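Please see the structure below; I have some questions.
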Amino acid sequence: MLKKTLLLLFISMHLVANAQREIIPTDGFKISGKVKKEKSFSMGELVQISKQVKIPDQIIYNHKGEIKDTLTQLKGVSLKTVLASVEYVYEKPKELNEFYLVCTASDGYKVVFSWNEIYNTENGNQIYFITEMDGKPLKELDSRIILIATSDSKSGRRFIKALEKIEVRRAE
């Protein structure tokens, strides 16, 4: 009986350990896909790209509206500022309506933003790369590089830790 209990305990612990995703911190990310030239950004470049702005404290809610975390003492750089250095591949401007960005973290977690959401709504002005949190600079954060959409009501859905890449795609 003891052997069966220990075996069951071991199997349960193994399943729980495998169910948790390992988030490997990233030191940079790349932008690829429907762009004229693939671009890479290191942590240092991200911090230097533009003036960092102060971001109000953020409460992170899950899909059920439950509080999962609170982020304080934030500074960041807007996604639009970073994207200003990217040239999209299109023939006619109306084709941009079909573009979307897939943001992928080191653990495979993916989040999508449409081109129109970023450039034609106020929401696009509220998407940031976090460059400082809890008074710590980006290089000291465990889950660097972080991207957050501060205007989302269930902010945990598009709170990306350890961003690895942004792929620009076109809906077919």
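The values are calculated or read from the model by the stated rules, or taken from the named source; none is laboratory data. The model shown is predicted, which means the values in this text are computed figures rather than measured ones. Every residue, glycine among them, receives a Cβ derived from its backbone with ideal geometry; neighbour counts consider all protein chains shown.
Given A162, A171, A149, which one is closer than 14 Å to F29 by Cα and at pLDDT 95 or above?
Working: A171 fails: closer than 14 Å to F29 by Cα; A149 fails: closer than 14 Å to F29 by Cα.
The unique qualifying residue is A162.
Give all pairs with beta carbons closer than 7 Å in which a residue from the range 110-132 that is free of Cβ contacts under 8 Å to residues at least 12 places away in the same chain meets a residue that is surrounded by fewer than 20 Cβ atoms within 10 Å (Cβ to Cβ) and outside any helix (DSSP H, G or I); count only pairs at least 6 apart in sequence or on separate chains.
Final answer for the pair search is K110/V102; K110/T104.
Among all residue pairs at least 6 apart or on different chains, which show Cβ distances below 9 Å where the first residue, located in the range 80-98, is of a type in the set (K, R) and the second is modelled with pLDDT of 95 or more and not in a helix (DSSP H, G or I)?
Taking only residues 6 or more apart or on different chains, the pairs are K80/I127.
Something else about it: Which of the residues spanning the range 121-137 are of a type outside the set (A, V, I, L, M) and under 17 Å from T26 (Cβ atoms)?
Across the range 121-137, the qualifying residues are Y128, F129, T131, E132, K136, P137.
In the range 52-65, which residue that is out of contact with any helix residue (DSSP H, G or I) (no Cβ under 9 Å at 6 or more places or on another chain) and assigned to a loop (DSSP other than H, G, I, E, B) is farthest from P137 (Cα to Cα)?
K64
OK, next. Note down all Cβ pairs under 8 Å where the first residue falls in the range 135-161 and is more than 16 Å from I67 (Cα to Cα), the second is acidic (D, E) and surrounded by 17 or more Cβ atoms within 10 Å (Cβ to Cβ), and they're at least six residues apart or on different chains.
L138/E132
While we're looking at this one, here's another question. Taking the condition of being part of a strand (DSSP E or B), among the aliphatic types (A, V, I, L, M) and surrounded by 13 or more Cβ atoms within 10 Å (Cβ to Cβ), how many residues in the range 80-120 meet it?
4
Select from the range 122-147 the residues that are out of contact with any Gly (no Cβ under 8 Å at 6 or more places or on another chain) and assigned to a strand (DSSP E or B) and list them in ascending order.
Scanning the range 122-147 gives I127, M133, K136, P137, I146, L147.
Say whether the condition of being more than 19 Å from D134 (Cα to Cα), surrounded by 15 or more Cβ atoms within 10 Å (Cβ to Cβ) and under 18 Å from the mean Cα position of the chain (by Cα) is met by at least one residue in the range 55-74.
At the first step, the residues of the range 55-74 found to be more than 19 Å from D134 (Cα to Cα) are 62-66.
Filter again for surrounded by 15 or more Cβ atoms within 10 Å (Cβ to Cβ), leaving none.
Looking for residues that are more than 19 Å from D134 (Cα to Cα), surrounded by 15 or more Cβ atoms within 10 Å (Cβ to Cβ) and under 18 Å from the mean Cα position of the chain (by Cα), one finds none in the range 55-74, hence no.
Still on this structure: State the number of residues belonging to the range 134-148 that are surrounded by 22 or more Cβ atoms within 10 Å (Cβ to Cβ), hydrophobic (A, V, I, L, M, F, W, C) and farther than 21 Å from K34 by Cβ.
Residues flagged as surrounded by 22 or more Cβ atoms within 10 Å (Cβ to Cβ), hydrophobic (A, V, I, L, M, F, W, C) and farther than 21 Å from K34 by Cβ within the range 134-148 amount to 4.
Test each condition in (1) closer than 15 Å to L74 by Cα; (2) among the aliphatic types (A, V, I, L, M); (3) touching a Phe, Trp or Tyr at 6+ places or on another chain (Cβ under 6 Å) for V112 and report the one that comes out false.
V112 satisfies all of (1) closer than 15 Å to L74 by Cα; (2) among the aliphatic types (A, V, I, L, M); (3) touching a Phe, Trp or Tyr at 6+ places or on another chain (Cβ under 6 Å) except (1).
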